[in-house]
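Below is one structure; the comments refer to it alone.
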């Protein structure tokens, strides 16, 4: 897994799968989907975690803060790979890119041509059908195909307390030996 290669990690016109990294359930599902697409297409996977810096200043304290934010974003991506697929894959080239900037602008800058595919996770709230500002911005302005991966079914079931209680009771009965 290459951490922050030269430039943004993707050459101009290079084919790749770009995925926005989030440790939400939908974000982890999007990472698994993007990894499968990269394997299928036989292209590199560019894992992106942007981080905003609210102030523009210079000096050693700001430079140190930027370094800490960037290394924290890199650890976040590595942890997401661990949670989603048990660690970085050996069969796909993975480039971790953690630039400073708004998430939608960074993703659109990286997925800037017809050779790329942009994969994003949808919200994991009850109203996941209403996309987040990052997803809306990327879908609206992308110059490449965009795939928005929904959250797992358990998240939508858990969105309703009554359905969640019913599911919990079914699981309790199953584990107690009520269902064979």
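Taking the listed residues 111, 122, 103, 158, the one that is closer than 21 Å to residue 23 by Cβ and modelled with pLDDT under 70 is 158, with no other qualifying. The residue that is surrounded by the fewest Cβ atoms within 10 Å (Cβ to Cβ), counting only those in segment 50-70 that are touching a strand residue (DSSP E or B) at 6+ places or on another chain (Cβ under 9 Å) and not in a loop (DSSP other than H, G, I, E, B), is 66. The numbered conditions (1) at pLDDT 75 or above; (2) loosely packed, with under 13 Cβ neighbours inside 10 Å; (3) part of a helix (DSSP H, G or I) are all true for residue 143 except (3). Reported count of residues in segment 71-93, each being crowded, with 20+ Cβ neighbours inside 10 Å and touching a residue at least 60 places away in the same chain (Cβ under 8 Å), is 1. Taken over segment 32-49, the criterion of being without any contact (Cβ under 8 Å) to a residue 12 or more places away in the chain, farther than 14 Å from residue 19 by Cα and assigned to a helix (DSSP H, G or I) is satisfied by 40 alone.
The values are calculated or read from the model by the stated rules, or taken from the named source; none is laboratory data. Keep in mind that this is a model prediction, so the values were computed, not measured. Every residue, glycine as well, gets a Cβ built from its backbone with ideal geometry; the counts of neighbours run over all protein chains shown.
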